[in-house]
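First up is the structure itself, then whatever we jot down about it.
The values are calculated or read from the model by the stated rules, or taken from the named source; none is laboratory data. Owing to the predicted nature of the structure, the values given are computational and were not obtained by experimental measurement. For neighbour counting, all protein chains shown are included, and Cβ atoms are generated from backbone atoms with ideal geometry for every residue, glycine included. SASA here: full protein model, heavy atoms, side chains in, ligands and nucleic acids out. Shrake-Rupley method; radii C 1.70, N 1.55, O 1.52, S 1.80 Å.
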Amino acid sequence: MKKGRLLIIGCGGVATAAISKCCQNSDVFKEILIASRTKSKCDALAEKLQPGTKTVLTTAQVDADKAEEVTALIRAYEPDAVLNLALPYQDLTVMDACLATGTDYIDTANYEPEDTDNPAWRAVYEARCKHLGFSAYFDYSWQWAYRKAFADAGILGVLGSGFDPGVTSVFTAYAQKHYFDEIHTIDILDCNGGDHGYPFATNFNPEINLREVSAPGSYWENGAWVEVPPMSIKREYDFPEVGVKDMYLLHHEEIESLAKNIPGVRRIRFFMTFGQSYLTHMKCLENVGMLSTAPVEFQGQQIVPIQFLKALLPDPASLGPRTVGKTNIGCIFTGVKDGKEKTVYIYNVCDHQECYREIGTQAISYTTGVPAMIGAMMVLTGAWSGRGVYNLEEFDPDPFMDALNRCGLPWVVSEAPETVE
């Protein structure tokens, strides 16, 4: 019997959005324990939210790098599920703790090793790249390896309940269920038309963001991976409510799961918009070694360049008050329905300032935090169930899509969209 009790690990911008939205749904989330390495951040958030919600909020300190600490916390609190909103580096330790305690697990992004420039890791990385067919630092194989163990333990793991991955995966399942007999191509488009006024800043964790953008791009076509140099494929697209933006092909984890789970799909690509100033800054930082994860010695201390850069850049959580504009994230599908060719574009538009007025975060945190909350809602209410580890497109999309409309991320279906060449 579910008690409506959730453990949330993490207290950054995404976690703030997710917890705020959980508190708007106290009928589902009756009790929440907020835990992170810095307990004072959890305390401040709980103090801010508690007067306005029936959800009972408590806090704790935990180091999510240490499975034994997470295990002890789960055993003490006995939640129905764990919503992991810590860094992707910590996915496996939290999954280990859920296995040890028999607790359901939800996250928003797939596992990434932290020190990818370590020589010991490079050998593993290069072998995996050769096996998988692409060179990104992140992939689902680490977490998919837990499927049998989770099934044997009788627990559910829900992977990637953010926006992309997450909502884009649900959009795909929804399109497959309601609009197509067979989907042939999927183009995932992520547009942030917001302006924060800084010369250079990232809208989520700088370390994760810059590593993903600087990695080689790749896409799935005709049953195989095609890899291209970073940012080498550029397209222009006129986004509804945002306008014309330059977008670039990246590797992204949902391509991997959609290629596995959507039968008959011939091509899947992921594009994200970037302004020229962002690209110029990033290339300069990469050229001087500031994106490296390999420690360097400076004045007798070991310093990781990308972590030092993260300390210099604005905290993404601080961008909310100054960010204006809108995001547009969605999927363009082509395929066949009743023997006829068909094109459908399913997308969401989100306004940075409206998000800030509602819960005090910018739209990037909002568009990830709300789906994280909905993923936990699906598990706690029993709308989604099972044993093992699954991606979102493997579940019934309808209850998730209904919740998006109710909880602040309404979606649009266009059956005559502009396509991407």
- Message: Given the criterion surrounded by fewer than 18 Cβ atoms within 10 Å (Cβ to Cβ), of a type in the set (D, E, K, R) and in a helix (DSSP H, G or I), identify the matching residue among Lys41, Lys54, Lys48.
- Response: Lys48
- Task: Restrict the check to region 191-212 and report whether at least one residue is at pLDDT 95 or above, under 18 Å from the mean Cα position of the chain (by Cα) and open to solvent by less than 10 Å² (accessible area, probe 1.4 Å).
- Result: yes
- For region 266-339, list the strands (runs of 3 or more DSSP E) that sit wholly inside it and hold at least 3 residues that are more than 21 Å from the chain's Cα centre (by Cα) and not basic (Lys, Arg); which are they? 296-298, 301-303, 326-337
- Which condition number does Thr168 fail, the rest of (1) at pLDDT 95 or above; (2) open to solvent by 10 Å² or more (accessible area, probe 1.4 Å); (3) over 19 Å from Val379 (Cβ atoms) being met? (2)
- Looking at region 293-308, which of the residues that are at pLDDT below 85 and surrounded by fewer than 17 Cβ atoms within 10 Å (Cβ to Cβ) is nearest to Ile188 (Cα to Cα)? Gln307
- Item | Residue count, region 1-15 (criterion: touching a Cys at 6+ places or on another chain (Cβ under 8 Å) and open to solvent by 10 Å² or more (accessible area, probe 1.4 Å)) | 1
- Query: In region 230-264, what count of residues is obtained for those that are open to solvent by 20 Å² or more (accessible area, probe 1.4 Å) and either assigned to a loop (DSSP other than H, G, I, E, B) or of a type in the set (Asp, Glu) (or both)?
  - Reply: 12
- Query: Out of Ala18, Ala109, which single residue is under 16 Å from Met373 (Cα atoms), in contact with a strand residue (DSSP E or B) (Cβ under 8 Å, 6 or more places away or on another chain), at pLDDT 95 or above and buried (at least 24 other Cβ atoms within 10 Å of the Cβ)?
  - Reply: Ala18
- So Val226 fits all but one of (1) assigned to a strand (DSSP E or B); (2) β-branched (Val, Ile, Thr); (3) within 18 Å of the chain's Cα centre (by Cα); what number is the exception? (3)
- Name the one entry in Gly166, Gly193, Gly160 that is under 23 Å from His251 (Cα atoms), out of contact with any helix residue (DSSP H, G or I) (no Cβ under 8 Å at 6 or more places or on another chain) and not hydrophobic (A, V, I, L, M, F, W, C). Gly193
- Checked region 265-282 for anything open to solvent by less than 10 Å² (accessible area, probe 1.4 Å) and either of a type in the set (Phe, Trp, Tyr) or more than 18 Å from Ala215 (Cα to Cα) (or both); matches are Phe270, Phe271
- Check region 373-382 and report whether any residue there is of a type in the set (A, V, I, L, M), farther than 20 Å from Ala81 by Cβ, buried (at least 18 other Cβ atoms within 10 Å of the Cβ) and at pLDDT 95 or above. no
